[in-house]
Amino acid sequence: MLRVFGILLSLLLFGVAAAAGFVAVVYGHYSRDLPDYQQLADYQPPVMSRVYAGDGRLVGEFAVEKRLFVPIRAMPKTVINAFLAAEDKSFYQHAGVDPMGIVRAAVTNLANYGQDRRPVGASTITQQVAKNFLLGNEVSLARKVKEAILAFRIEKAIPKDRILELYLNEIYLGFGSYGVAAAALNYFNKSLDELTVPEAAYLAALPKAPNNYHPVRRPEQAKARRDWVIGRMLEDGHLTAAEAREHQAAALEIRERGRSDVSRADYFAEEVRRQLMQRYGEKALYKGGLVVRTTLDPRLQTHADEALRAGLIAYDRRHGWRGPIAKIDPTGDWAARLKAVELPKGMGEWFLSVVLATNDGAATIGFSDGRRGTVPLAEMTWARATLEEQKLGPPVKRPSDVLQAGDVVAVSIAAQDRDGKPYGHGMFALQQLPKIGGAIVAMDPHTGRVLAMSGGYDYEMSEFNRATQALRQPGSAFKPFVYLPALEQGIPPTTIILDAPFVIDQGPGLPKWKPDNYTRKFYGPIPMRAGLELSRNLMTVRLAQTLGMEAVVKTALDFGVFDQMSPVLSMSLGAGDTTLLRLTTAYAMIVNGGKRIQPSLIDRVQDRNGKTVFRHDQRECPGCGAPPTGAPMEMPELPDARPSVIDPVTAYQMVSMLQGVVERGTATRLRDLNRPIAGKTGTTNDSNDTWFIGFTPDLVVGVFVGFDTPATLGKQETGASVAAPIFKEMMREALAGAPAVPFRIPPGVRLVRVNAETGRPAQPGDRKVIMEAFKPGTEPGAGRGDSMVLDGGVPMPASGAVGASTASPGLY
């Protein structure tokens, strides 16, 4: 018996020695070339960069993996307990591998063998960190061995809390969420500390297989798994039985992010993304966790989007119907065929429908869900056939002039008819996605902060930003930068300039250049102010010749309208290429008193640790960061470091002249805004490009409208008819409820009552009398410019030549 016991003991010792040797061999074999686990101590997971509006609302997120990093010390105990209960209850007790957990898993899997149940795993959180960060997802015994070895090593080198922190910030939890903080936002629209126990338990149920517990596609499985986690929390002592029953009875409700938390500004966000990419590079943008505070004003952005869309639709409707989106068979199962039609981008709140029949007063339409509706004739009379050069076909007299059965068209809900009478239920209006492009920019003229920007009708239709990327001719919107150097040289706005034919010999073999007014008429000698207000091309060219194009070029470059400009007279009529953002910035420098500004979309950038790495406003503020003492503090006075571009008096003279454009000139349609407004229309040859740049004392707005491939907008379309209405609608909404503020007059301005038609001092009985702004020494009676007539730089009497011309249309 003793001999048998000795043999068994020997065999046992031999077995243990053999097992130890085997383990040593395996350990030695798989320990070679293992990844460096010590890097985890300083590892920073990729974190998405977030862009915020000025009021704190989210504008955009940029990331390879959408992750928000939260330190373990900031994570609620509820979240930690839920994940430990679900994934690794003895996390704080084991050394990286849980032997008892392995035994339990083996026993459970043997008991479930043949029952078509999912095998139970025994990987600890530390092993999952080793797999996710260092090894990958290869399914093999070798990987499991390496995983266990690394888990032991990680536990010796890195604190438990750091391991858990890495795990909770790294795991993928579905819905495009990496880490628990991103998941809390995406599933429940909450921060971690706002999560309830059932919500935390649901997130803890997801690491193994998020798609298997999808809350929408598999709600029953999702709730069952959540309740299982709550049960584990009960077993681990984190909940009482009553609490567990209450939480398990709660419904699983998913909450998407509310619109109030997110501001949609796609073109603005993309421009910010481009600037961040240029400044910090791809890695910092998509993985560095930048926090970006922008200049965006969500309220103004909404008004800008709505005004631009409405203006583009209004222009498009004026130029007729281009036909249906598609054609399908309107018989039989037409709803299924309509559902198969690809929804055009940019539809917004419009609906896709198919025409089923027409009669003399309406068209019957159907929708993909089988519902039907009616489009009355009054809601399609605008849809005359569009012809070449934006001309229109015959008037619409019956629905069949526009629509045929089988036409797939866009419609919107029609609330009331043209007389304001409400329609009944099921009435719709025919719609058409505009082909025309456009852009709008709103800016603070004192700082250059871009408050709103929209680069087109819809970002889904075209990502091309017409505010920053479209180089187009500004036309007459450039004219203020011809008149500015004249004012700067002391030439007063009352100076008489001859509006008469102008011909230049361009050299051998070239035709003579004969610019013309938009009206093809000539008006003789009139004040310089009126030439700008009424956008007279010949007066502008004559003034540019008198000043010398070098002065005009210098002004244009100083204001940043162009980077370079040829000193040729045609450029005085806006023949160069610029962008809406640049031209709007230039106008901002006029209204702000001639101070140089740079357009900015970004106020501040912080890195993932909260350190400010960029600030647009570089001015120092002594004492601003001092701790409060309880005593009243005076408002700090910050230095104005903006360099001057022109004299403030010159700037005000131009503001006054541009105010005249609205009061008496080409933009009189804006007068019913009933507040001080100034600005300038712009239209290029053949009406290819239309502009309006305007401002109040504290807000400048620029609008551009034109086809992406330059083409005429129509013979009668101008900046006044296309761009100015968009500006008007934007300003109406943006300034609603705000007091009317007059333009600020700088010291040194001499205001004199003059006759607007003659430029001479006002006399009793004069009807068109204005307050004209003069520089000291240039006002009437000071002996300068009282009755001067410019004709190519040569003073002439007021009866200077006036004649007819057959020159081609000029710029307006």
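Working ranking of peptides 666-679, 230-243 by packing, defined as the average number of other Cβ atoms within 10 Å per residue, highest first, is 666-679, 230-243.
For region 148-275, averaging the sequence separation of C-alpha pairs within contact (under 8 Å, six or more residues apart) and dividing by the residue count gives a relative contact order of 20 percent. Close amide H partners of residue 603, meaning residues 5 or more places away or on another chain with modelled amide H under 5 Å apart, are 293, 294, 295. Heavy-atom accessible area for residue 471, with the other protein chains in place and a 1.4 Å probe, reaches approximately 110 Å². With the simple model of a label 7 Å out from the Cα in the direction of the Cβ, residue 95 to residue 262 spans 4.9 nm. Calculate the tail of P(r) for region 477-594: the fraction of all Cα-Cα distances greater than 19 Å, expressed in %. Distances greater than 19 Å cover 47 percent of the Cα pairs. Protein-only accessible surface at a 1.4 angstrom probe places the residues 510, 164 in the order 510, 164, largest first.
In order along region 406-418, the Karplus-derived 3J(HN,Hα) couplings, from 6.51 cos²θ - 1.76 cosθ + 1.60 at θ = phi - 60°, round to x, 5, 9, 9, 8, 9, 10, 5, 9, 8, 8, 7, 5 Hz, and Gly and Pro are given as x.
Each of the peptides 425-435, 178-188 was scored by the mean count of other Cβ atoms within 10 Å over its residues; in descending order, highest first, they stand as 178-188, 425-435. The HN-Hα couplings worked out from phi for region 773-778 by the Karplus form 6.51 cos²θ - 1.76 cosθ + 1.60 (θ = phi - 60°) are 9, 10, 7, x, x, 10 Hz, whole numbers, x standing for Gly and Pro. The residues of region 587-745 expose, per residue, 46 Å² of accessible area to a 1.4 Å probe. The overall shape of region 484-544, judged from the alpha-carbon gyration tensor, is oblate: a/c is not under 1.5, and a/b is no greater than b/c. Per residue, region 433-495 exposes 23 Å² of accessible surface when a 1.4 Å probe is rolled over the protein heavy atoms with every protein chain present. Using a cutoff of 8 angstrom between alpha carbon atoms and counting only pairs six or more residues apart, the relative contact order for region 385-484 works out to 14 percent.
Across region 557-565, coupling constants 3J(HN,Hα) worked out from phi with the 6.51/-1.76/1.60 Karplus curve, θ = phi - 60°, read 6, 4, 8, x, 5, 10, 7, 8, 8 Hz, and Gly and Pro carry x. The amide H of residue 438, built 1.01 Å from its N in the peptide plane, has 457, 706 as neighbours under 5 Å, considering only residues 5 or more places off or on other chains. With the whole protein complex present, residue 620 retains an accessible surface near 130 Å², based on a 1.4 Å probe. If you take all other residues with their beta carbon under 14 Å from the beta carbon of residue 326, and give Lys and Arg +1 and Asp and Glu -1, the sum is +1. For the pair region 570-616 / region 358-391, the C-alpha centres are spaced 44 Å from each other.
The values are calculated or read from the model by the stated rules, or taken from the named source; none is laboratory data. Being a predicted model, the structure only gives us computed values, none of them experimental. Backbone-built Cβ (ideal geometry, glycine too); neighbour counts: all protein chains shown. Just so you know, the surface numbers come from the protein's heavy atoms only, side chains and all, with ligands and any DNA or RNA stripped out. Shrake-Rupley method; radii C 1.70, N 1.55, O 1.52, S 1.80 Å.
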